[in-house]
Structures are given as structure tokens and as C-alpha cells.
Amino acid sequence: FSHDKVQEAAYELIPSDLRDSFRGQIGGMLLKHLDGDALEDSLFEVVTLRNCAVDELSEGERLELAELNLRAGMKACENAAFDNAVVYFKAGRELLGEDGWTTSPKLMLELCSEEANACFVASQLDDMKTLLDIVLSREDISVEDKFLCYEVKIAAHQAAAEFSEAIDTAVYVRRLLGFKSPLNKPASVLTLIKGYIKTSRLVKNKTPEELANLPELTDRRIALGIKLIQAMATAASQSQPTLLPLCSFANVNASVKYGISESSAEGFAGHGFVSCAFGNFKSGQEMAKTAEILLEKPGMARQKSKCIYIIESMIHQWTEPLQGTIRPLLEGYQAGLESGDLESAGWNRELCFLLYLQNA
């Protein structure tokens, strides 16, 4: 109807106990006649309407709608509408029911894992913990398939300032994946020096371009192990600073040995910072350049804000005028907002503001 009042009047003619069924039928008609881009453009409306009458659906229709709820939830997350995403993921789980772990285990796992992540971002922490317990307690799911839930658990520890617990969880999961990890305790000066010398030798005589253009990492298990090292580094910056260099060394070693991953830029930037701390400013600049080249590659957007902060505040500051770092820091701030890395965005903004006041 062209007029909303006419639409309201027509809707009021439908008995109240039939309205949900009516909505579900409209959703079913739209689902039947829309496809491709048209369905994607109206995905939220179609799924919301279809969810109104789930009791009338056949088993096959319930499975199809559960998959559509997963798609709608993922799309809502992309739009940063995490509260809405939780609604879609939960509806998908309820459509599958408890038997979903038997009839559609992959879909059930995706719905639970993505809902746990959305609950974390939306600060629905009790629901998040329930979902994490459900997934992580299942022995029929591999560590790799549980990984998103472990990531959420680590992030939740960090958000609650439980940094030691975050490191312990990352170490535990790395061991499950078959990797050794730095221990959650202060590292000795000798250990740091040995790690620095070993890693420096590994990248010696390689230009930033050569390092940045190493083959891509294709082994998922190794990539997940490196992501855990990255999570450890984030938590260690707050509770165990001597672990930070060891995490950077492990990241760089894995990148050179196995290939470039989405975590590599942060590893090279971190090694550049350690090089500057040891007084090797030339090596620090080369590692910064490697990280900058990597950040221009596809799939690196999530790392951009944090890497820019490391490069500008811990590497370039030794050899370049501080005024020259303001523009990159603003770029890092914007990159953090766009990627959802609000913590790194805040670091860039704070340092940029301090430099601006100093130059004012």
C-alpha cells in the first residue's frame, strides 16, 4: 500500500492470533520469488518475517531458514549491528534444536561460535559464557574448529583486565595445536638477547621487499598458532612486558619459515621496535618498511591500526621528526575505527593528540 495508514488498517483486519503466520507466509513468498542480489538486499526483512512462523515449517524449511539466519547474522556483524546479529544466530540455533549437533553439526557450530562472538561485542557476557561452555566442552569438535570460541574467550579475559588468564589460555590452545610457547613469566635478559640474535640472523641480508613478498602461509594450523602468539603479545603488553619481544621473535620466525600470514606485519613491526631498543635503528627501519609493505596487501586491514602505532611511536621516532608522525597516526586511528580495532585506534588518537599539543 502506498499510504502507511491504509497498510495499518489492512493489517488490523487480520486476527491477532494469525498475524505471525501471516508474516511467515509473506517471508516465504519473498524467499520463493527473490534470488541473488534481490534476496541479499532484502535478507533481513525476509528472515525476520520467516522467523515469525517457524512452527509451521517442515524439517527441510527449518534447515534452510537456519542457514539464512546465519547469513543474516554475519551480515549484521559486518554492519556492526551486533545486537541484531545475536537475535539471528539464536533463531538459527533454535530452529535446529538440540538435534542440530547430530543432524547439522557444522552449521550448529558456526551459529554457536558466531553468536558467542557477537554476544561478547554486544556485552551480553552471560550468554557468551554459556555458548563458549557448550562449544568448548564438546569432545567431538577439533581444536581448529573451536578456534573462534577460544579467540572470544581470550578477548573476554583481556576486556576484563584478566591478562594473565588470557596468556594462559593462548598457551594452552597452542599446546593443543602442537606448538611450544613462551611461558607466562618474566623472561631473562639472556633469553631476550639470544632470541634477538637468532631472529636477526634469520632476516639478515633480506630486503624489506624480499621479506614482504615471501610465499603466503597455507597451513591453517600454523596460521592459528601465530594468531595465538599475537593474542599473547596484546595481553603481555599489560601484564608481562618481557614476553612481547619473544612473541615478535616467534611471529617473525614462523613468517620466514612457513610463509606470510595476516599476523606477519605485527611481527615484523614488533621486531623493528626491539631492534631500536638494542640500538640497531637501521634494522628497525627495515622491519618497519617490511610491515608497511605487508599492510598494503589484501587481508591486512585488521592489523593496520596497531602496526602504525608501533611503527610511528616506537621506530620512526628515533630517526624522524615527531611532527611527521601526526598524519600516519591519524590514518592509524581511522583504520582502527574501520576495522573494529578500537583499542589501537585509541592509542593512535591519544599519541596524536599529545603530539599536537606539544607542537601547538
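For segment 344-360, taking the residues that are touching a residue at least 24 places away in the same chain (Cβ under 8 Å) and surrounded by 15 or more Cβ atoms within 10 Å (Cβ to Cβ), the one that is farthest from PRO298 (Cα to Cα) is identified as LEU355. For ASN184, the conditions (1) farther than 16 Å from SER248 by Cβ; (2) touching a helix residue (DSSP H, G or I) at 6+ places or on another chain (Cβ under 8 Å); (3) of a type outside the set (A, V, I, L, M, F, W, C); (4) assigned to a helix (DSSP H, G or I) all hold with the exception of (4). Looking across GLN285, GLN303, one residue alone is part of a helix (DSSP H, G or I), farther than 18 Å from SER200 by Cα and polar (S, T, N, Q). It is GLN303. Each residue in segment 61-82 was checked for being closer than 15 Å to ARG93 by Cα and open to solvent by 50 Å² or more (accessible area, probe 1.4 Å), and 7 of them qualify.
In the set ASP126, ASP99, only one residue is modelled with pLDDT of 95 or more and on the phi < 0 side of the Ramachandran plot; that residue is ASP126. For segment 114-145, filtered to residues that are touching a Lys or Arg at 6+ places or on another chain (Cβ under 8 Å) and open to solvent by less than 30 Å² (accessible area, probe 1.4 Å), the residue that is nearest to ALA80 (Cα to Cα) is GLU115. Among the residues that make up segment 236-253, is at least one of them more than 18 Å from GLY195 (Cα to Cα), crowded, with 18+ Cβ neighbours inside 10 Å and not aromatic (Phe, Trp, Tyr)? Checking segment 236-253: not a single residue is more than 18 Å from GLY195 (Cα to Cα), crowded, with 18+ Cβ neighbours inside 10 Å and not aromatic (Phe, Trp, Tyr).
Criterion applied to SER305, SER339, SER261 was being under 22 Å from the mean Cα position of the chain (by Cα), of a type in the set (Gly, Ala, Ser), at pLDDT below 95 and surrounded by fewer than 24 Cβ atoms within 10 Å (Cβ to Cβ), and the one residue passing it is SER339.
Can you find a residue that is touching a residue at least 24 places away in the same chain (Cβ under 8 Å), among the charged types (D, E, K, R) and either more than 22 Å from ALA159 (Cα to Cα) or surrounded by 22 or more Cβ atoms within 10 Å (Cβ to Cβ) (or both) anywhere in segment 189-196? Write out each step before concluding.
Our first condition is that a residue be touching a residue at least 24 places away in the same chain (Cβ under 8 Å); within segment 189-196, this holds for 191-192, 195-196.
From what is left, the residues that are among the charged types (D, E, K, R) are none.
Looking for residues that are touching a residue at least 24 places away in the same chain (Cβ under 8 Å), among the charged types (D, E, K, R) and either more than 22 Å from ALA159 (Cα to Cα) or surrounded by 22 or more Cβ atoms within 10 Å (Cβ to Cβ) (or both), one finds none in segment 189-196, hence no.
Does LYS185 count as crowded, with 19+ Cβ neighbours inside 10 Å, basic (Lys, Arg) and touching a residue at least 40 places away in the same chain (Cβ under 8 Å)? Here the answer is no, as LYS185 does not meet what is asked. The residues of segment 197-224 that are without any contact (Cβ under 8 Å) to a residue 60 or more places away in the chain, β-branched (Val, Ile, Thr) and in a loop (DSSP other than H, G, I, E, B) amount to a single one, THR218. Within segment 281-302, which residues are closer than 17 Å to ILE197 by Cβ, touching a residue at least 60 places away in the same chain (Cβ under 8 Å) and open to solvent by 50 Å² or more (accessible area, probe 1.4 Å)? Across segment 281-302, the qualifying residue is only GLU286.
The values are calculated or read from the model by the stated rules, or taken from the named source; none is laboratory data. All figures in this text were calculated on a predicted structure; none of them were measured in a lab. Cβ: placed from backbone, ideal geometry, glycine included. Neighbour counts: every protein chain shown. Surface areas here come from the heavy atoms of the whole protein model, side chains and all, with no ligands, DNA or RNA. Shrake-Rupley method; radii C 1.70, N 1.55, O 1.52, S 1.80 Å.
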